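Before any comments, here is the structure.
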Amino acid sequence: MVTRPVLQRRAGQPIAMRGEIGIRDDGNFRPLVAHNTTHIDMPLHFLEHTPDLEMVLNNPAYRINLPMRARVLDLSTWPEAGCFYRQNGVRYCETRVDRDATLLRKKLQQYDALVLLTGFGAVMRQGSDHFHTDVDGFYHLPYVTVEVAQRVAAAGLSLLAIDCTTVECQTQGQPLRMTDDVHPVLLAMSRPVFILEGVAGDRIAAQAGFMPTEGVLEVIPRRTNPAGAEAAHARVFLSFYRGPDNRQRMERLLEMVTPEYLYG
């Protein structure tokens with residue numbers, strides 16, 4: 001496996017991405033970056049001389065290495081019709097509504113993570129071969145506004161998750177252009193708000209019979225080649241209980257699965 005830069009940081013281009021080059025069964029190269037599928041962004045993704053994956057892993061200063069209290073916000077059922085878009089038969093919330101986010105800060109301070117589910121996970125599950133732009137080149141991806149990111153950061157959260165490939169807004173179709181505003185707001189904090197992108201979440205309600213509003217979130221990053229890694233593929237688990245005692249049982253679960261002795 002060969003590791004090399006894929007996207008270099010430069011003036012007007014703050015993003016840096018590293019890729020790994022593997023070999024397919026037919027002998028041809030297989031490029032892969034850590035921003036495919038479900039992944040967690042490190043501060044180094046947007047900011048020079050900031051923590052990479054190696055610096056973050058197994059460091060007790062970063063809450064993401066331990067189970068987190070998570071607020072789950074299901075935007076796919078919001079009533080504002082103008083916020084929604086339909087892709088391949090899937091209706092999902094395309095934008096965040098700022099006026100509703102003004103209520104978030106105090107409510108979020110009791111949590112470690114915020115999970116935003118827009119319904120777009122069902123579109124991602126269909127695969128990129130079935131996902132196309134409109135005539136103007138826009139993908140109509142869900143995104144997070146700067147104002148919402150600022151409120152999340154002010155609440156002292158450790159992680160923001162979304163069921164989309166990015167938290168940024170698309171500004172141009174041809175050629176493709178995205179904002180680079182939200183990542184720095186979250187990742188530049190003295191205690192970074194890590195960004196988990198590409199979570200699905202569209203099967204939770206169908207499998208559980210309801211959509212939880214809170215749970216215990218565990219993020220398990222891929223640990224291969226961590227030095228210099230600006231992101232990592234991740235396995236993500238959300239645990240919750242049925243019934244009105246979910247909060248009490250969730251707190252007991254946190255006590256059981258958070259090993260105080262892990263770091264010696």
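The values are calculated or read from the model by the stated rules, or taken from the named source; none is laboratory data. This structure is a prediction, so every number in the text was calculated from the model and none was measured. Glycine also receives a Cβ, built like all others from the backbone with ideal geometry; neighbour counts cover every protein chain displayed. Surface accessibility is based on the protein's heavy atoms, side chains included, excluding ligands, DNA and RNA. Shrake-Rupley method; radii C 1.70, N 1.55, O 1.52, S 1.80 Å.
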request  = Please find, within the stretch 10-46, the residue that is least open to solvent (accessible area, probe 1.4 Å) out of those that are farther than 17 Å from Thr166 by Cβ and not in a strand (DSSP E or B).
outcome  = Gly27
Where a residue in the stretch 127-156 is touching a residue at least 24 places away in the same chain (Cβ under 8 Å) and within 20 Å of Val185 (Cα to Cα) and its partner, wherever it lies, is among the charged types (D, E, K, R) and open to solvent by 20 Å² or more (accessible area, probe 1.4 Å), with Cβ under 7 Å and at least six apart = Pro142/Glu94; Thr145/Asp98; Val146/Asp181; Glu147/Asp98; Val148/Asp98; Arg151/Arg105; Ala154/Arg105; Ala155/Arg105
inquiry  = For the structure I just gave you, tell me whether Ala229 is in contact with a helix residue (DSSP H, G or I) (Cβ under 7 Å, 6 or more places away or on another chain) and either within 28 Å of Leu53 (Cβ to Cβ) or surrounded by 18 or more Cβ atoms within 10 Å (Cβ to Cβ) (or both).
reply    = yes
query = Would you pick out the residues in the stretch 118-130 that are assigned to a helix (DSSP H, G or I) and of a type in the set (Val, Ile, Thr)?
reply = Val123
message = Can you say whether Thr258 is within 15 Å of Leu114 (Cβ to Cβ) and either open to solvent by 30 Å² or more (accessible area, probe 1.4 Å) or modelled with pLDDT under 95 (or both), as far as the supplied structure shows?
response = no
ask   = If we keep just the residues of the stretch 76-107 that are modelled with pLDDT under 90 and either hydrophobic (A, V, I, L, M, F, W, C) or assigned to a strand (DSSP E or B) (or both), which is most open to solvent (accessible area, probe 1.4 Å)?
value = Leu103
query = All but one of (1) closer than 23 Å to Thr77 by Cα; (2) charged (D, E, K, R); (3) touching an Asp or Glu at 6+ places or on another chain (Cβ under 9 Å) hold for Asp180; which doesn't?
reply = (1)
query = Can Arg235 be described as open to solvent by 40 Å² or more (accessible area, probe 1.4 Å) and either free of Cβ contacts under 8 Å to residues at least 12 places away in the same chain or over 30 Å from Arg91 (Cβ atoms) (or both)?
reply = no
ask   = Checking Asp202 against (1) in contact with a helix residue (DSSP H, G or I) (Cβ under 9 Å, 6 or more places away or on another chain); (2) farther than 17 Å from Asn59 by Cα; (3) modelled with pLDDT of 95 or more, which single condition isn't satisfied?
value = (3)
task = Mind listing whichever residues of the stretch 22-35 are under 24 Å from the mean Cα position of the chain (by Cα) and either among the hydrophobic types (A, V, I, L, M, F, W, C) or at pLDDT below 80 (or both)?
result = Pro31, Leu32, Val33, Ala34
